[in-house]
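Bear in mind that the values in this text are calculations on the coordinates, not laboratory data. Note that the coordinates shown come from a computational prediction; the quantities given were computed from them, not determined experimentally. With ideal geometry, Cβ positions are generated from the backbone for all residues, glycine too; neighbour counts draw on all protein chains shown.
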Amino acid sequence: MGLLVRSLAVLVLVLLWCHSFPHVRAQSSSQAKSLDVTLQEYAYRGLGKPKTGTVYDGTQLLPSNLTGVKVAALRLRSGSLRRYGVAVYNEFQIPEGIIVSPYVKRIVLVYQNLGKLSTRYYPLPNYTYLAPVLGLLAYDASDLSATGLRELHITASRDPVKVKFQDVKAAPHGAVAKCVWFDLQGSSNFSNVTGGDTCSTSRQGHYSIVVESTAPSPVPAPTPVPSAKKESKSNKKVWIIVGSVLGGLLLLVLLYLLIVWVVKYMRNKKIQQMERSADMGEALHMAPVGDTKAPAATVTRTQPTLEHEYAP
């Protein structure tokens, strides 16, 4: 009974966790979206009167609650981006063949480095970050005073975009580092790390290097000294178990003996019925033999008959 109760309790906890996990994930995705809107606004503020192809840093404009986060903006013509790409944009190397959808004449590539706030906005259960989360998002540059813009979609049609991370932490012994890419909906996708610090992607989003977390081995708890009361309860349980086992064995033996007795009884009864039926048959004729009488069969001579009407 106790085992059944514990199993039901574990099942309830698992169901509650599964029910709450989508809510937690949706909440973190909403926070990340809100952060993207804020960083786009401050990145645009840092542009001022921008020159095409020049990187403008907007980190100093960020509020105090985003300390440690870095943001930058780069305005480009869509046609130039597709023909030439961008050799170096902080940690990003953008190749030729980038397609912008929907098409706009000019775009702004907003760079993000979330630093120590990476796990806050992009929590990843069972994984540890070896590098900060970096973001690369594209926006329409037709109005540099606009806020709350929706992201444009950029796709690498030829070579992938490379993200070369700086100051990547070493992975624990035996662990394998992986690239993680978060799309615009917050879903995570994993791929292999190249050269220990480089990830490749064909789409915009957020990127980092992670490793699966390894839980530390639990420290064995000291063995408690059993009290006299606990010992008596334990001994009582043991005797109950032993008594139950012995009682079960005794019951099986009694059942076996009962079956044997029933079989013998039925067999003897059948034999008695056969003897009684034999005794109730035709009585034999008693004939004197010397001084005693013994059963004897009556003698009846078979009368001869001719097989044919005339003898041969």
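Under 26 Å of direct C-alpha separation, and excluding same-chain neighbours fewer than eight residues apart, residue 237 reaches these lysines: 229.
Using packing as a proxy for protection, rank 169-178, 75-84 so that the peptide with the highest average count of other Cβ atoms within 10 Å comes first.
Per-residue mean Cβ counts within 10 Å order the peptides as 75-84, 169-178.
Taking each of 51/178; 116/178; 49/178; 105/178; 51/169; 105/164 in turn, the alpha-carbon distance tops 30 angstrom for 51/178; 49/178; 105/178; 51/169.
Per the Kirkwood formula applied to alpha carbons, the range 25-212 shows a radius of gyration over Rh ratio, Rg over Rh, of 0.95. What does a probe at residue 271 reach in the range 234-256, counting residues whose amide N is under 11 Å from the point 7 Å along Cα→Cβ? Backbone N within reach: none found. Placing a label point 7 Å from the Cα of residue 88 along the Cα-to-Cβ direction, the residues of the range 32-57 with a backbone N closer than 14 Å are 55. Any idea how far apart residue 169 and residue 146 come out in nm if each label point goes 7 Å out from Cα toward Cβ? Placing both labels 7 Å along Cα→Cβ, they lie 3.9 nm apart.
Cα gyration tensor of the range 84-165, axes a ≥ b ≥ c as square roots of the eigenvalues: rounded (a/c below 1.5), prolate (a/b > b/c) or oblate?
oblate
Compared with the direct C-alpha span, the chain from residue 262 to residue 55 gains 64.4 nm at full extension, assuming 0.36 nm per residue.
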